[in-house]
Amino acid sequence: MPSTPTVLFVCVHNAGRSQMAAGFLRALAGNRVQVLSAGSLPADQVNPVAVGAMAEVGIDIVGEQPKILTADAVRASDVVITMGCGDACPTFPGKRYEDWALDDPAGQPLEQVRPIREDIRRRVEHLLTELDRNQDGPADRDHPRAAGCP
């Protein structure tokens, strides 16, 4: 894996789960990881409840904007994580693909988004531990048909 790995979080609207995951990874990793997020059908704005849930833990994602998923974003990433939403994303050799089955915060009150946020935090912390441990390890960790990525 390169000295600064790139992680791409993908969800359909890029407005909730993927934005929260990207916010956590940016906050926890600092400049050790380049963080991207995208969606196949991006929303107009980040889910305000997700913004509020992240603000409760001191992470500001209010300035983020949902982005369209592109093959270039996948190609530029070392790790591609889909958020249990069945998004189709292109596959390329040498990439690590994971699918995180997470409840969708869309339309949920803050009380129901908090446990989703905490699940995302735990997964991001684990991912960061793995990235730190494997930073000098082999780059080829293909998962050619990960769930959510045909």
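Things worth noting here:
- Residue match in segment 117-134 (condition: β-branched (V, I, T), modelled with pLDDT of 95 or more and under 18 Å from V10 (Cα atoms)): yes
- Residue that is nearest to L25 (Cα to Cα), among those in segment 101-120 that are touching a residue at least 60 places away in the same chain (Cβ under 8 Å) and not in a helix (DSSP H, G or I): L102
- Residues of segment 16-40 satisfying the condition of being among the basic types (K, R) and touching a helix residue (DSSP H, G or I) at 6+ places or on another chain (Cβ under 8 Å): R17, R32
- Tally of residues being over 15 Å from A22 (Cα atoms) and aromatic (F, W, Y) across segment 66-122: 2
- Every test in (1) more than 15 Å from L131 (Cβ to Cβ); (2) out of contact with any helix residue (DSSP H, G or I) (no Cβ under 7 Å at 6 or more places or on another chain) is passed by E98 save one, and that test is (1).
- Residue pairs whose Cβ atoms lie under 8 Å apart, separated by 6 or more positions or on different chains, with the first residue in segment 55-79 and in contact (Cβ under 8 Å) with a residue 24 or more places away in the chain and surrounded by fewer than 13 Cβ atoms within 10 Å (Cβ to Cβ) and the second of a type in the set (S, T, Y) and not in a strand (DSSP E or B), are I68/S40.
- Taking segment 6-89 as the region of interest, the strands (runs of 3 or more DSSP E) fully inside it that hold 1 or more residues being modelled with pLDDT of 95 or more and among the small types (G, A, S) are 34-38.
The values are calculated or read from the model by the stated rules, or taken from the named source; none is laboratory data. Everything quoted here is computed from the prediction, not taken from an experiment. Cβ: placed from backbone, ideal geometry, glycine included. Neighbour counts: every protein chain shown.
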